[in-house]
4 protein chains.
Amino acid sequence: MSWNTFGRVLRFTTWGESHGPAIGAVVDGCPPGIALTESDIQPFLDARKPGQNKFTTQRQEPDAVRILSGVFEGRTTGTPISLMIENTDQRSKDYSEIANTYRPGHADYAYDAKYGFRDYRGGGRSSARETAMRVAAGAVARKVIGEVSIIAYVAEIGGDAIDPANFDAQEIQRNPFWCPDADAAKRWEALVDNARKAGSSLGAVVECVATGVPAGWGAPIYAKLDADLAAGMMSINAVKGVEIGDGFAAARLTGEQNADPMRPGNDGPRFEANHAGGIAGGISTGQPVTCRVAFKPTSSILAPVESVTREGKATEVRTKGRHDPCVGIRGTPVVEAMMALVLADHKALHRAQCG
Amino acid sequence: MSWNTFGRVLRFTTWGESHGPAIGAVVDGCPPGIALTESDIQPFLDARKPGQNKFTTQRQEPDAVRILSGVFEGRTTGTPISLMIENTDQRSKDYSEIANTYRPGHADYAYDAKYGFRDYRGGGRSSARETAMRVAAGAVARKVIGEVSIIAYVAEIGGDAIDPANFDAQEIQRNPFWCPDADAAKRWEALVDNARKAGSSLGAVVECVATGVPAGWGAPIYAKLDADLAAGMMSINAVKGVEIGDGFAAARLTGEQNADPMRPGNDGPRFEANHAGGIAGGISTGQPVTCRVAFKPTSSILAPVESVTREGKATEVRTKGRHDPCVGIRGTPVVEAMMALVLADHKALHRAQCG
Amino acid sequence: MSWNTFGRVLRFTTWGESHGPAIGAVVDGCPPGIALTESDIQPFLDARKPGQNKFTTQRQEPDAVRILSGVFEGRTTGTPISLMIENTDQRSKDYSEIANTYRPGHADYAYDAKYGFRDYRGGGRSSARETAMRVAAGAVARKVIGEVSIIAYVAEIGGDAIDPANFDAQEIQRNPFWCPDADAAKRWEALVDNARKAGSSLGAVVECVATGVPAGWGAPIYAKLDADLAAGMMSINAVKGVEIGDGFAAARLTGEQNADPMRPGNDGPRFEANHAGGIAGGISTGQPVTCRVAFKPTSSILAPVESVTREGKATEVRTKGRHDPCVGIRGTPVVEAMMALVLADHKALHRAQCG
Amino acid sequence: MSWNTFGRVLRFTTWGESHGPAIGAVVDGCPPGIALTESDIQPFLDARKPGQNKFTTQRQEPDAVRILSGVFEGRTTGTPISLMIENTDQRSKDYSEIANTYRPGHADYAYDAKYGFRDYRGGGRSSARETAMRVAAGAVARKVIGEVSIIAYVAEIGGDAIDPANFDAQEIQRNPFWCPDADAAKRWEALVDNARKAGSSLGAVVECVATGVPAGWGAPIYAKLDADLAAGMMSINAVKGVEIGDGFAAARLTGEQNADPMRPGNDGPRFEANHAGGIAGGISTGQPVTCRVAFKPTSSILAPVESVTREGKATEVRTKGRHDPCVGIRGTPVVEAMMALVLADHKALHRAQCG
C-alpha cells in the first residue's frame, strides 16, 4: 500500500512525480490564525533548490510554491493548506534506457517488484524531488513552533569531518556545503569538485539541533519523539542511519562516561553533557534536541555498475548527466524540515493530552 | 498524548507498568487460521527474561504469558489477540528516594515534566519491562511471516566488536551474550563481569538480519520499510541509533565503493554486496534486510551522579541493587521482535494494495 | 482486517470473546491527574449488566471491572489504562448446533465468510458482550469531560413512543426501561413481557442528549462530530440507524420549518429550536448535542426461521433460552458511553489544534 | 484539529475552499495498474455539477478535473493520485454582510467558535463545494471495485416518497431529480419549482444500493462496514440521518417481522428479505448493501430568520441569490461516491488481513 502521509495530529501528505506536471503537499491540522504567505516558504525552497552552484545538480527548477487553500487574508484558517509547485524543467529526453534497465542503488527494481511497473522518468515518485514538498511543509511547521530554533549543517563529507572547535553557526550560510567550519568547507571544495569531475560521489553526515523545545514533548511508547524523528529522517532519500544524541558513540561508552548529570536550573534541570540529545524515555528534557543523519553517496555514478534489465538479462549502467555529487548537501534543508515537522506534530500531541 | 500502538494494519498496543499487577498487549489484524498457543510465545519470553545468569539483572519474573482472546481451538480467529503477563516480583521496597529524586539518564524528570507526576515504582511505564510484551507480540508476528527467518545478535559490547570471520550462527544460543563469535563471547565474559562488579555498565550494538523477505514490501513515502524499522528500533528503551545496511559507514564511502551491483538471479536480481541492507526506495529488494541498533550503557550505576530533586534542589544519585550491566544483551530478543512486527505489518500493507 | 480501536486521540481498544476467559479494553491518551478508581466505572457496568429483571437476559455476570494499569495512587498517569472483566458465567453447554448452523440475523455466516471459521460460543467476538467494555471505557471518558452531562433513554419500543410532554429525567432510573415517561413505562411492561413470553422480540429507539458541550468541538471534514457519533453508534450491536437532531424528520420539513433562529446569549448565540442537534458543519454549536439510535428487534426468537448449515444445506433455527426481548434497553448505557467517548476524543482533538 | 482524510487503507484527503483558486483531493493507496484518465472521472462530476437545470443552483462551474500525479501511461502507478479542479466562478461580490452575520443553519458561527475567524466567502471550507472532490475520488474508487455496481436515487422530497412499485432504474437518469419513479418525478417538478420560486427549500431522502459486494468485507468492531458508511454519509453537508437496511423502520418491527431467512444459494446463502441491508456484525453478507440518507432542507431561504452578528448583536438574515432549493438532489452523486469509497477501502482492508 502507498502511504504518503506523515504525522499524527499535524499531518502532511505529499504527492507528485519527478516529471509529472506538478508536485504538492497538503498540511492538515495547522492551528488557525498564524500569519503565512508564500514568502514564508519560498526561502527554504530556494535553499534546497538544485542548480545553485557546481556542487549540486544542474537541473533548473524555479520551485515557486503556491498556497492554494487554508490561508485567508494572510492567516491560516485551520483548514488544510494545499501547497503546489509546478514542474518546469522536464527535459524531453529519451528514457528508454532507464525504462528497461534497473539503476543499481535506485528504487527502480523495488518499485517494479512492488507495483508491476513504474513511472521511470527521473525516478518518478522515488525521486528526491519529493523532498521539496517536505521543505515547503516544514516551513509551515516552523511557524507553528515559533519557540524553537532549528539548525542543520553538514558535519562530514566522504569521511572528512568538521572540527567542533571551529564551529561557527554564521559560517553555515556562507558556503555551498552548509558547513559550520570554514576550514572544512575549504577542504570540501576540492573534495566534492574532484568527485564531481570524476563522475563519482560522496556520502555525508548531517547534524541537526533544535533549541527551545520545552520539556514534555513526546508520546510514549510508540510515538516517542526520538522514534518519530528516526522515522522522519530515515524516510529521506539516501538516508541509511539516524542517531539521537551520542548515538552509536554511546554504545562504546561506560555508564559513567555517558552519564548526563543534572543540575538545578531556572527553568527545570540542566543536563549540560546532553549525551541523550535532549530526549529521555521518548520525551524532551528541555535540553537541545540533537540528531545525526547518514546519507549514502549518490548512487548515480559514471563508472559502470553491473545490473539487469526488466527482462532479467545482465547489463551495465553508467550515469551521465545532471546529478548531485553529494546528496547529503541538498539533504540538509530536508533534515531541518523534518525536525520542524516532527516537533510541530508533537507540540500538538502534547497539547491534546496535557494541554 | 500517550500513543501505545505500533503498526498500520497488523497493529499491537501495549499497556502496563513495571510494578502494576500485570502487563499486556493486544495484537489486532492478525490473519485468521494460524496455529497459535502460549507455547509458541513462551520461549521468546524466556529468552528475554531477566535473572538467567550473572550478566543480567537478578530480578526474577517467570513471565508466563496467557492468551486471553483471539484464539479458538488452537487457531487465530482474526479478532484481537490479548496477551497478558502477571507481575509477580514486585518487591515491597522503599521508593521514597526515587519518588523524590530524578535518576539521571532515566525518564523520571521527562515524565514529570510531561504528566505532572509519575508512577515511580521501578520506572513505571518507562521501564524496559514493557518490552516483554513486544517480544510476546513479536512471537505472533513471526507466525504471520513464516517465509522469513530473523536472527539478532550482539555485535559489539563496550566497543569490543565481533570478528565477522568468526561468525557462527549456532554460537548465538550457546553463550549468555547472543554472541555469534565464540572468541568475542569469551572476552565479553570478563568485560561484562568486571563492569557488573564495579557497578558500572556498558553499551552495545545489536545486529539483526531477516532473510526470505520477498521484494516489494514497504510503503513509500512515509511508511518506508526502513523508516518503520527505524521508528520501531528507536522506540526500544536505551536505543540511541539505528542503521540500515551499511548505515553511517556508507556516509564515508564513494559511490563506487557503495555500489550494489545487480546480477540476474532465479527469483529476481541478486545484489550480493547488499550495502543497502535489502531496502531501496523504502521497499524490500529480495536481499536480506539488515539493521544495526545502538544501545547506550545502562544509566543506573554505582558511581554517584549529580541530580536534582522534584523540588529542584541539587542532590546525587547512586544506584545499588539489581540492574543489567549491559542492557543491549537483553535488548537482543526485543530487536528481533520489532523486526518481526514491522515485517508482518508490511506484508499486510503490501497485500492490501497489491495483493 | 480486524480493527478494534475507536477514536483519534483519546482512543480505546477492546478485546475478548463472549465465552473466553475475559474481556478488556485499553484506553490510551487519557489526560493525567484525573481521579479514577474501579468505583467510578462499576456503576455504569452494573446499569448495563444483564439479569437484573425479567425484561433482560437472565445470563448472570457480575461484570466486576479491574484497572490493571495507567492509574497510580488513585489518579490517571497519562499512560494506557487497561480494564478487564473476567467472564464467569460460561455455562458448559452443547454448542454443536450453533457451530454448524447459521443463526439468521446474527453475524455467524458473515464471520465464517470473512475468516473461514469462528468462535461460535455465544457469538464469540460478535456478541454484544463486547459492549460492556465500551461502557467501562465510557466511564473513563466521562471523567475527562466533566463539563458535559450525558443522558440516554429509551424513546420508543415496538413503535410505542414516549410522550415528550411526560418527559421526566428522574423517571429514567425508576423503571427497567430507562424510560423518561412513567405512562409509557407502564405500557411497555406489558408489551415487553408479552414479547418475552411469546419468545418474540421488539425493536427500540434510544435518544441521547449531551449538555454542556462548548461550541467548537468537531474536526471538519472527515472527523465531523456528527460523523464520528454516527460511526460510534452504528458500531453498536443491533443498531440500524442514527439521526442527529431532527434526523429523518428534517428531510420532511421546509427550510422555514427547519430553521434554527439564533439569538444573543450570554455565552455565544442560543438556538432554541436546535433542529440541528447542536452540530453545524460538523462542529458543536454550544447547544445540546442530540442523537437518536434505532435498535432492531433481537434476532434470536422462538419462532422457526429458515436457515442454512455450514455445509450449505437448508435447515431451520429456533432460539430457546436466555435472550433479551428488546436489546435496545440494554443498549441504552452503551449509547451513553459512546457519546462520552466521542466527545472526550473531540475535546482532545480540539485542544490539539486550537488549544 | 482539522481532519481532512477519509479511509483506512485506500484513503483520500480533500482540500480547498469555495472561493479559493482551486479544490483538490489526494487518493492514496490505490492499487497499481488500473486504467484511469480524466474521462473516467469527469462524467461523475458533470452529474453533480450545479447550474444544469432550474432545480439546482445557477452557479456555473465547469468543474474540469485534472490528474496531476499517480497515473503513468494511462494506468495508476500505486502512488498518490492528485486531482484538482480550478474554481472559475468566483463572482466578485460584497461579502461584508456574511462576514459579520452568522447565517442560521450554516457552519458560520461554529467555525468562528472553533477557529476564531473564517474564510466567509461562499462558506469557505464548509461549503458543499468540497463534495465535488469526493465525487472525483469516488470515480477512482469505482475502478477499484469493478465487481460492484452502485446506484443512488432520491426516494423522497419534502415528504413525498416514491412508490416502490413504480421503481425503474432506467428512469433515474431521465429526470433532473435522480428519481426512479416517473410519477413521483412529475409531482416533484411542481413541488421543487414552487419551493424555488418561493425562496423556500425542501429536505430529501436518498437511497443507495450496492450490488456485487462479496460476503466478508467489513472490519469488526470499530471499522464495521455499516459504521464506516454511517460516518461517510453523515459527513456529507446537510445530512442528518443514516439508515442501513430497514433502519428506523426495523425498530418498529418484531423479531418475526424483521427476520432475514436464509436459503441455500449458489454462491453462499441468500437472504431475500434483506432487512439487514447486506451487513451483519459489520460484515457484508453477499446481499445488496443498502442505505438511506436524510438531507435537511437547504438552510439558505428567502424568509427572514433571526440571527446574531459576530459582535453578538441581534439581526436577521434573508438569503437572496443562487441556492439549491433541495440539496438532496445534488447530494445524490455524493452519496454514490461515498459508498464507492467506503467499499473500495474495505476491499483493501479485507485483503490485508484475509487476502
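Return yes or no: is D:Val192 closer than 19 Å to D:Asn53 by Cβ, part of a helix (DSSP H, G or I), open to solvent by less than 40 Å² (accessible area, probe 1.4 Å) and of a type outside the set (Phe, Trp, Tyr)? In short, yes. Restricting B:Val209, B:Val213 to residues that are surrounded by fewer than 21 Cβ atoms within 10 Å (Cβ to Cβ), among the hydrophobic types (A, V, I, L, M, F, W, C) and in contact with a Ser or Thr (Cβ under 7 Å, 6 or more places away or on another chain) narrows the list to B:Val209.
Would you confirm whether or not the stretch A:28-35 contains a residue that is surrounded by fewer than 16 Cβ atoms within 10 Å (Cβ to Cβ), touching a strand residue (DSSP E or B) at 6+ places or on another chain (Cβ under 7 Å), modelled with pLDDT of 95 or more and small (Gly, Ala, Ser)? The answer is yes, given that some residue of the stretch A:28-35 is surrounded by fewer than 16 Cβ atoms within 10 Å (Cβ to Cβ), touching a strand residue (DSSP E or B) at 6+ places or on another chain (Cβ under 7 Å), modelled with pLDDT of 95 or more and small (Gly, Ala, Ser).
Within the span defined as the stretch B:7-15, every residue fails to be more than 17 Å from the chain's Cα centre (by Cα) and not in a loop (DSSP other than H, G, I, E, B).
Every condition in (1) without any contact (Cβ under 8 Å) to a residue 60 or more places away in the chain; (2) open to solvent by less than 20 Å² (accessible area, probe 1.4 Å); (3) closer than 30 Å to C:Cys30 by Cα is met by C:Gly146 except one, and the failing one is (2). Sort out for me the strands (runs of 3 or more DSSP E) sitting completely within the stretch A:19-130 that have 2 or more residues that are within 14 Å of chain B (Cβ to nearest Cβ). The qualifying strands (runs of 3 or more DSSP E) are A:22-28. Taken over the stretch D:21-55, the criterion of being of a type in the set (Gly, Ala, Ser) and either in contact with a helix residue (DSSP H, G or I) (Cβ under 9 Å, 6 or more places away or on another chain) or touching a residue at least 12 places away in the same chain (Cβ under 8 Å) (or both) is satisfied by D:Ala22, D:Gly24, D:Ala25, D:Gly29, D:Gly33, D:Ala35, D:Ala47. Checking the stretch A:157-179 against the condition returns no match, with no residue being within 30 Å of A:Pro269 (Cβ to Cβ), outside any helix (DSSP H, G or I) and touching a Gly at 6+ places or on another chain (Cβ under 7 Å).
Within the stretch A:267-314, the set of residues being open to solvent by less than 20 Å² (accessible area, probe 1.4 Å), of a type in the set (A, V, I, L, M) and not in a loop (DSSP other than H, G, I, E, B) comprises A:Ile279, A:Ala280, A:Ile283, A:Val289, A:Val293, A:Ala294, A:Val305, A:Val308.
Within the stretch C:127-141, track down each residue that is surrounded by fewer than 24 Cβ atoms within 10 Å (Cβ to Cβ) and not aliphatic (A, V, I, L, M). Result: C:Ser127, single match. Among the residues of the stretch B:8-53, write down those that are farther than 23 Å from B:His346 by Cα and charged (D, E, K, R). Selection gives B:Glu17, B:Glu38, B:Asp46, B:Arg48, B:Lys49. Taking the listed residues D:Asp345, D:Asp324, the one that is over 22 Å from C:Met262 (Cα atoms) and open to solvent by 10 Å² or more (accessible area, probe 1.4 Å) is D:Asp324, with no other qualifying.
Picking from residues in the stretch C:234-246 that are at the interface with another protein chain (Cβ under 7 Å from one of its Cβ atoms) and out of contact with any Ser or Thr (no Cβ under 8 Å at 6 or more places or on another chain), the one that is farthest from D:Gly277 (Cα to Cα) is C:Asp246. Would you pick out the residues in the stretch D:124-162 that are farther than 23 Å from D:Glu38 by Cβ and over 18 Å from the mean Cα position of the chain (by Cα)? D:Gly124, D:Glu147, D:Gly158, D:Gly159, D:Asp160, D:Ala161, D:Ile162, listed by residue number. Against the numbered list (1) modelled with pLDDT of 95 or more; (2) in contact with a strand residue (DSSP E or B) (Cβ under 7 Å, 6 or more places away or on another chain), C:Pro269 comes up short only at (1). A residue that is more than 7 Å from every other protein chain (Cβ to nearest Cβ) and either in contact with a helix residue (DSSP H, G or I) (Cβ under 6 Å, 6 or more places away or on another chain) or at pLDDT below 95 (or both) can be found somewhere in the stretch B:247-265. Facing another protein chain (nearest Cβ under 8 Å) and under 19 Å from B:Lys224 (Cβ atoms): does that describe A:Ala231? Judged against the criteria, A:Ala231 is a match.
Out of C:Glu171, C:Glu207, C:Glu147, C:Glu189, one residue alone is among the acidic types (Asp, Glu) and in contact with a strand residue (DSSP E or B) (Cβ under 7 Å, 6 or more places away or on another chain). It is C:Glu207. Go through the residues of the stretch C:189-210 one by one and say whether even a single one is within 30 Å of A:Pro80 (Cα to Cα) and more than 7 Å from every other protein chain (Cβ to nearest Cβ). Checking the stretch C:189-210: at least one residue is within 30 Å of A:Pro80 (Cα to Cα) and more than 7 Å from every other protein chain (Cβ to nearest Cβ).
The number of residues in the stretch B:60-111 being modelled with pLDDT of 95 or more, open to solvent by 30 Å² or more (accessible area, probe 1.4 Å) and among the β-branched types (Val, Ile, Thr) comes to 1.
Filtering the stretch B:227-262 to residues that are under 18 Å from B:Met339 (Cα atoms), open to solvent by 10 Å² or more (accessible area, probe 1.4 Å) and in a helix (DSSP H, G or I) leaves B:Asp228, B:Ala231. Test C:Gly277 against the criterion of being in contact (Cβ under 8 Å) with a residue 40 or more places away in the chain and closer than 21 Å to D:Tyr115 by Cβ, and give yes or no. No; evaluated as a whole, the condition is false for this residue. Quick one: would you say C:Gly321 is modelled with pLDDT under 95, out of contact with any strand residue (DSSP E or B) (no Cβ under 7 Å at 6 or more places or on another chain) and more than 7 Å from chain D (Cβ to nearest Cβ)? Here the answer is yes, as C:Gly321 does meet what is asked.
Number of residues in the stretch D:1-18 that are more than 10 Å from chain C (Cβ to nearest Cβ) and either in contact with a Ser or Thr (Cβ under 7 Å, 6 or more places away or on another chain) or over 27 Å from D:Ala352 (Cβ atoms) (or both) equals 3.
The values are calculated or read from the model by the stated rules, or taken from the named source; none is laboratory data. All figures in this text were calculated on a predicted structure; none of them were measured in a lab. When we count neighbours, we look across all protein chains shown, and the Cβ atoms used for this are built from the backbone with ideal geometry, even at glycine. Remember, those area values only see protein heavy atoms, side chains included, never the ligands or the DNA or RNA. Shrake-Rupley method; radii C 1.70, N 1.55, O 1.52, S 1.80 Å.
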